[in-house]
Amino acid sequence: MIQRLNIRQRIEERELQLSPFAAQSVLSRGRLRDEAPCPIRTAFQRDRDRIIHCKAFRRLKHKTQVFIAPSGDHYVTRLTHTLEVSQLARTIARSLNLNEDLTEAISLGHDLGHTPFGHIGEDVLNELYHKGFRHNQQSLRVVDVIEKDGQGLNLSWEVRDGILNHSKPEDNMYGENWGAVGTLEGEICKISDLIAYVNHDIGDAIRAGIITENDLPASTLKILGKSHGERVNTMVCDIIENSWAATGLGDIKTGPTIKMSDEILAATSELRSYLFEKVYRLQSREREAIEARGIVTSLYRHFLKHPHEMPPEYLHFSDEAERCVVDYIAGMTDHYATNLAKNMAL
């Protein structure tokens with residue numbers, strides 16, 4: 001019965017009303033392996049659902065964003081961060097008449113490869129593994145290789161591209177190291193990720209007593225707003241206004257881009273730099289961070305010597321023992337890694 005209702009086809013026809021610059025699910029560049037389409041969901045909707053139901057997504061609730069083993073219940077986790085990114089990105093995509101389903105799928109999958117203990121864990125694996133480690137590349141590996149017992153989720157090219165290219169350099173925004181994404185929807189996720197963490201990390205830092213509202217650069221507050229809500233609203237509205245060409249409305253002289261105005265960009269960059277100096281780098285020197293580095297290092301060295309003590313499925317994800325160890329540790333939650341090291345007396 002469902003097959004005769006043509007539900008997916010009707011949704012694909014509605015996508016024709018989107019901006020001419022929007023990604024069309026029916027025109028997707030395809031999956032790693034061909035498969036029959038779903039009768040009720042577009043390719044991008046199907047990808048979103050696969051991500052939400054995968055094990056790596058569930059583990060995000062027990063992975064640190066910035067603060068390791070926080071004592072309060074209101075600190076941001078990878079899961080709440082991911083949901084905030086998704087909400088921001090969908091709002092921008094909807095306003096610009098772009099593909100909201102694709103935007104949501106990329107947003108929900110962008111951090112699946114993040115390590116335990118936030119960027120501390122990522123830095124340690126990058127130092128230890130001879131090929132280096134970046135969480136965006138690991139996120140792609142999760143959906144391509146690790147999930148579903150080594151089968152992967154077989155996502156569409158557009159979602160995979162957005163996941164891989166969401167990461168941003170520490171230096172200037174939109175600089176030469178900013179990188180390119182293959183779709184405007186992917187660009188929205190990339191900038192929404194930044195909006196989310198800049199703003200919620202301020203809240204966490206204030207909650208932790210590291211900074212106060214009065215410590216924030218006055219010039220940025222004057223431009224962006226004094227409260228969390230004001231700052232988010234300023235950034236989102238500015239992006240929509242300055243990316244309006246993406247809607248396909250009006251006289252378009254150049255290709256559309258997703259961007260901020262110069263004034264908002266400068267203020268956001270200043271606020272981001274402040275966080276790196278006063279919060280992120282400080283946190284990396286805290287006792288909890290030092291302990292986290294020790295845990296990841298000890299686990300890495302132990303399993304490299306004793307690979308068969310890992311769950312057997314991880315031995316099948318690569319022919320390289322070191323790669324298998326990286327996959328196993330990167331997938332751990334903070335609590336799992338801590339308890340495992342404690343029980344093994346590492």
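The values are calculated or read from the model by the stated rules, or taken from the named source; none is laboratory data. Please read these numbers as outputs of a predicted model, since none were measured by experiment. For neighbour counting, all protein chains shown are included, and Cβ atoms are generated from backbone atoms with ideal geometry for every residue, glycine included.
Key figures for this structure:
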item: Residue 172, sole failed condition from (1) at pLDDT 95 or above; (2) more than 28 Å from residue 75 (Cβ to Cβ); (3) in contact with a helix residue (DSSP H, G or I) (Cβ under 8 Å, 6 or more places away or on another chain); result: (1)
item: Selected residue (only one of 276, 303 is farther than 23 Å from residue 144 by Cα, out of contact with any helix residue (DSSP H, G or I) (no Cβ under 9 Å at 6 or more places or on another chain) and assigned to a helix (DSSP H, G or I)); result: 276
item: Residues of the range 12-37 classified as of a type in the set (Gly, Ala, Ser), under 21 Å from the mean Cα position of the chain (by Cα) and either loosely packed, with under 12 Cβ neighbours inside 10 Å or under 15 Å from residue 144 (Cα atoms) (or both), total; result: 0
item: Residue check for residue 223: β-branched (Val, Ile, Thr), in a helix (DSSP H, G or I) and within 20 Å of the chain's Cα centre (by Cα); result: no
item: Members of the range 236-259 found to be of a type in the set (Asp, Glu) and over 23 Å from the mean Cα position of the chain (by Cα), listed by number; result: 241, 251
item: Wholly enclosed helices (runs of 4 or more DSSP H) of the range 86-187 bearing at least 2 residues under 16 Å from the mean Cα position of the chain (by Cα) and buried (at least 20 other Cβ atoms within 10 Å of the Cβ); result: 100-109, 118-128, 135-141, 157-164
item: Every pair of residues 6+ apart whose Cβ atoms lie under 8 Å, when the first sits in the range 244-259 and is under 19 Å from residue 190 (Cβ atoms) while the second is β-branched (Val, Ile, Thr) and exposed (fewer than 10 other Cβ atoms within 10 Å of the Cβ); result: 245/254
item: Selection status of residue 340, of a type outside the set (Asp, Glu), within 20 Å of residue 132 (Cβ to Cβ) and not in a loop (DSSP other than H, G, I, E, B); result: no
item: Lone unmet requirement of (1) in contact with a helix residue (DSSP H, G or I) (Cβ under 8 Å, 6 or more places away or on another chain); (2) of a type outside the set (Asp, Glu); (3) closer than 24 Å to residue 77 by Cα for residue 129; result: (3)
item: Total residues in the range 55-85, condition over 28 Å from residue 211 (Cβ atoms) and either surrounded by fewer than 20 Cβ atoms within 10 Å (Cβ to Cβ) or without any contact (Cβ under 8 Å) to a residue 24 or more places away in the chain (or both); result: 3
item: Test: residue 40 is free of Cβ contacts under 8 Å to residues at least 40 places away in the same chain, farther than 25 Å from residue 281 by Cα, among the β-branched types (Val, Ile, Thr) and surrounded by fewer than 21 Cβ atoms within 10 Å (Cβ to Cβ); result: yes
item: Subset tally (residues that are over 25 Å from residue 187 (Cα atoms), part of a helix (DSSP H, G or I) and in contact with a His (Cβ under 9 Å, 6 or more places away or on another chain)) for the range 48-85; result: 1
item: Conditions (1) at pLDDT 95 or above; (2) over 24 Å from residue 333 (Cα atoms); number of the one not met by residue 212; result: (1)
item: Candidate set from the range 206-227 (those that are surrounded by fewer than 14 Cβ atoms within 10 Å (Cβ to Cβ) and free of Cβ contacts under 8 Å to residues at least 40 places away in the same chain); member that is nearest to residue 95 (Cα to Cα); result: 227
item: Number of positions in the range 226-243 that are part of a helix (DSSP H, G or I) and closer than 15 Å to residue 188 by Cβ; result: 9
item: Subset tally (residues that are outside any loop (DSSP other than H, G, I, E, B) and among the small types (Gly, Ala, Ser)) for the range 19-43; result: 2
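Listed here are the residues, each with its yes/no results for (1) at pLDDT 95 or above; (2) of a type in the set (Phe, Trp, Tyr).
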position	(1), (2)
256	no, no
276	no, yes
284	no, no
288	no, no
302	yes, no
320	yes, no
329	yes, no
336	yes, yes
340	yes, no
